[in-house]
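Participant: This structure is in C-alpha cells; I'll ask about it shortly.
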Amino acid sequence: MESDPRTNRSEVKGFLKKPMAVVLFCYMHEPTEASARAVDHMPMNTLGELIAAFIAKIKLGNPSPAKTKNRDEQFLRFLGFRMNCDGVFTVSGSRYDKYCQDYREMAHPKETDDDTFYESTFLTDILSVPANRSQISYKHQNYRDYFAAEFLKEYIVKCDIQHINEIFGYSPSRKDVFSRLKS
C-alpha cells in the first residue's frame, strides 16, 4: 500500500475511531473527476481538516454557479452559528425560515430574493431537509459545529477589534476578546 503524503497514519488513527470520520475518509479517497482533484492536496490529519476537505469536494462537484455555492456556504456558516448559539441540532421549518430571513437581512439587506435555501443541492448535501420541511438539521452535529466555527473565524478576521469587543462587552483590547474566546 502506498503512503498518502496528505496524512500521517499515526495521527489519523485517533479520529478514525468515529464512524462518520471513516465514511468521510473513504469518500475523500475515492477516484474523482478532474474538477474535484483540487482538494487532493488538502491535509486530512484531524477531523476538522477532514470535514473541510469533504465540504470543499462537495462544493467543487456541485453544478451550481460559484456565486450560489459561495452564498450557500456563507448561509451554512450563519445557520451553524445560530443553531449552536441556540443550543439546537434540529429546527422546525418556520424557525429555519426565520434563520434564512435573518441571514438575508445581515448579508444582503438591499436584496429582496425569496430564496429560502431549500432547493440548493449543495445545501441538501450538508443538511437533512425532509419533504414536509418539518425538522431540518445538519446531517451530522460535527457539520453544524464546523460551520459555526468557520462563521466565528470569518467574523473575527473581518471585524475590527473594537467592534468585536463591543459585541462581547469588553474594553477595546485584543487581549480581552481572545481570552474570552478561549474560555
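The values are calculated or read from the model by the stated rules, or taken from the named source; none is laboratory data. For clarity, every value in this text was computed on a predicted model and none was experimentally measured. Glycine also receives a Cβ, built like all others from the backbone with ideal geometry; neighbour counts cover every protein chain displayed. Just the protein is used for accessible areas: all its heavy atoms, side chains included, with ligands, DNA and RNA removed. Shrake-Rupley method; radii C 1.70, N 1.55, O 1.52, S 1.80 Å.
Participant: Whole number please: convex hull volume per residue, Cα atoms of segment 51-157, in Å³.
Facilitator: 104 Å³
Participant: Run the quick spin-label model on residue 154 and residue 41: label points 7 Å from Cα toward the beta carbon, then report their separation in nm to one decimal.
Facilitator: Taking the two extended label points, one gets 2.3 nm.
Participant: Starting from the 7 Å offset along Cα-to-Cβ, what nm value, one decimal, do you get for the label separation of residue 66 and residue 118?
Facilitator: Rounded to a tenth, the inter-label distance reads 3.1 nm.
Participant: Still on this structure: What whole-number value in cubic angstrom gives the convex hull volume per residue for the C-alpha atoms of segment 39-114?
Facilitator: Looking at segment 39-114, the number lands at 119 Å³ per residue.
Participant: At 1.4 Å probe size, with the rest of the protein present, what percent of the exposed accessible area of segment 39-151 is carbon and sulfur atoms?
Facilitator: That share works out to 52 percent.
Participant: Something else about it: From the phi of every residue in segment 91-105, what ³J(HN,Hα) in whole Hz does the Karplus formula 6.51 cos²θ - 1.76 cosθ + 1.60 yield, where θ is phi - 60° and glycine or proline is x?
Facilitator: So the Karplus estimates, Gly and Pro as x, are 10, 6, x, 5, 5, 4, 4, 5, 4, 4, 5, 4, 5, 4, 5 Hz.
Participant: What's the extension gain from residue 18 to residue 132 if we count 0.36 nm per residue and subtract their Cα-Cα distance?
Facilitator: 38.0 nm
Participant: How far apart, in nanometres, would the label points at residue 29 and residue 97 be if each is projected 7 angstrom from Cα along the Cα-to-Cβ direction?
Facilitator: Roughly 4.6 nm, to one decimal.
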